1. Restricting to segment 66-83, name every residue that is within 14 Å of the chain's Cα centre (by Cα) and either more than 13 Å from TYR52 (Cβ to Cβ) or aliphatic (A, V, I, L, M) (or both).
2. Do any strands (runs of 3 or more DSSP E) entirely within segment 20-99 hold 3 or more residues that are surrounded by 15 or more Cβ atoms within 10 Å (Cβ to Cβ), basic (Lys, Arg) and modelled with pLDDT under 95, and if so, which?
3. Considering only residues that are within 21 Å of LEU97 (Cβ to Cβ) and of a type in the set (S, T, N, Q), which ones fall in segment 34-60?
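The values are calculated or read from the model by the stated rules, or taken from the named source; none is laboratory data. From a predicted model like this one, the values you see are computed outputs, not experimental measurements. Note that each Cβ is placed from the backbone with ideal geometry, even for glycine, and that neighbours are counted across all protein chains shown.
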Amino acid sequence: MKTQIGIILLLILVNTDELFARIDTSQIYVVSEKVGETIDSLEKSKYRLFPYYSTEKFKSAQFFQVNDSLIVLKTTMKDGSVEEREITQEEISMIRLILGHKKERLEYKKSKKSRADRKGTVKGIVFSIGVVFTTISFVVIINDLKGQLE
């Protein structure tokens, strides 16, 4: 039993070292010009990104393109610790959608349109947000089905 646990821990460590080595040779991946190369804590809060990280502990994050199919999110916490996790293309797409929809909402608040024009804009934004949540639901369902099939 101890041997099996030792082997599992060794495999985890080897894979972690491999991930760190791949990041060292990768390039920064800019998910959106709106946030640039580094997403800071204010942008995390403003756009409600990375819900799996506490806003109080979060300092900054960067995406790294390791190869054609692998993007890694490197997150620095306020205490100096660094966390890394692989990001799927679906997550990148969702982040881009979130950043795009936030821009629409900010532009709507700044505009001085007539009441009739604003109603049409609100309906468009509500529809767009509905599409985002529907897409998120499909991604979650697909991931659950993949897990059940494995």
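1. LEU70, ILE71, VAL72, LEU73, LYS74
2. The strands (runs of 3 or more DSSP E) meeting that bar number zero.
3. THR38, SER45, THR55
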